[in-house]
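What follows is a set of notes on a single structure, which appears directly below.
The values are calculated or read from the model by the stated rules, or taken from the named source; none is laboratory data. All of these numbers come straight from a predicted model, not from anything done at the bench. FYI the Cβ positions are ideal-geometry reconstructions off the backbone, even for glycines, and counts take in every protein chain you see. Calculation scope for accessible area: heavy atoms of the full protein, side chains included, ligands and nucleic acids excluded. Shrake-Rupley method; radii C 1.70, N 1.55, O 1.52, S 1.80 Å.
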Amino acid sequence: TVGGNPFLLDEPQATNLITYSQDASNSNWVKTAAIIVSNTTNAPDNTLTAFKLIGDTSGNVIHSIRQTPTFNANESPVITLHAKFSDLQYVYVGGLGRNPNNLEGYVWFDLQNGTVGFASSGYSGNIVSLINGWFKITVFCPISTVSANREARIGLSDTNGGQNYTGDGVKGVFIWGIQLETGVLGTSYIPTTTSAVTRNAD
């Protein structure tokens, strides 16, 4: 309901191209100087399925997870995920610039203050407060002009706009429900495991 009144959710058909959308411990997720601790806190749906993304003790490097889904030319990728502050302030989301026409880029989010930070040229994002300290993050990426495998990355940072830092093997952020789709908006979350999942239009 909205304002005590019932409403219908009317969404287009959408496909979550990310696999294992709640389980970054799976090998489909490439870890770079990152540690995954599964099922560490309750997700926005009140299930114990959110994981903690932690930077390991590597010095002055990127700490992140990534996948490389494939999509077609002239499609506009949108990444959504749910994130919550634990003990590291910033998370950045994006990537996707894996062809000559689009440079890789990211949007940073401040999980302590619930605000959008620095954004690379052509990228934009928004953040919406949910229950129990959770935020829904959406990142709008430039249109791909060729078909390609394109990197989708979620990274940790101790500064707004920074990537490289020295982790301590403890600090990180809570993550749940990662989605990458093509279109002009981020639709509601579509859980996945071994393969992409399509939800029919409402």
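Once the range 173-202 is narrowed to residues that are of a type outside the set (V, I, T) and in a strand (DSSP E or B), the residue that is farthest from the chain's Cα centre (by Cα) is R199. Of everything in the range 129-154 that is in a strand (DSSP E or B) and within 13 Å of T70 (Cα to Cα), the residue that is modelled with the highest pLDDT is A152. Residues in the range 147-171 that are open to solvent by less than 50 Å² (accessible area, probe 1.4 Å), of a type in the set (V, I, T) and farther than 14 Å from I18 by Cβ: there are none.
One residue stands out in the range 19-37 among those that are over 13 Å from the mean Cα position of the chain (by Cα) and assigned to a loop (DSSP other than H, G, I, E, B): the one that is nearest to L156 (Cα to Cα), namely A33.
Within the range 38-52, the only residue that satisfies the criterion of being open to solvent by 60 Å² or more (accessible area, probe 1.4 Å) and outside any loop (DSSP other than H, G, I, E, B) is N39. Any idea which residue in the range 93-115 is most open to solvent (accessible area, probe 1.4 Å), counting only those that are modelled with pLDDT under 80 and part of a strand (DSSP E or B)? Checking each candidate, the answer is L103.
As a summary of the residue check, F174 satisfies the conditions (1) touching a Gly at 6+ places or on another chain (Cβ under 9 Å); (2) buried (at least 19 other Cβ atoms within 10 Å of the Cβ); (3) more than 27 Å from N60 (Cα to Cα) except for the one numbered (3).
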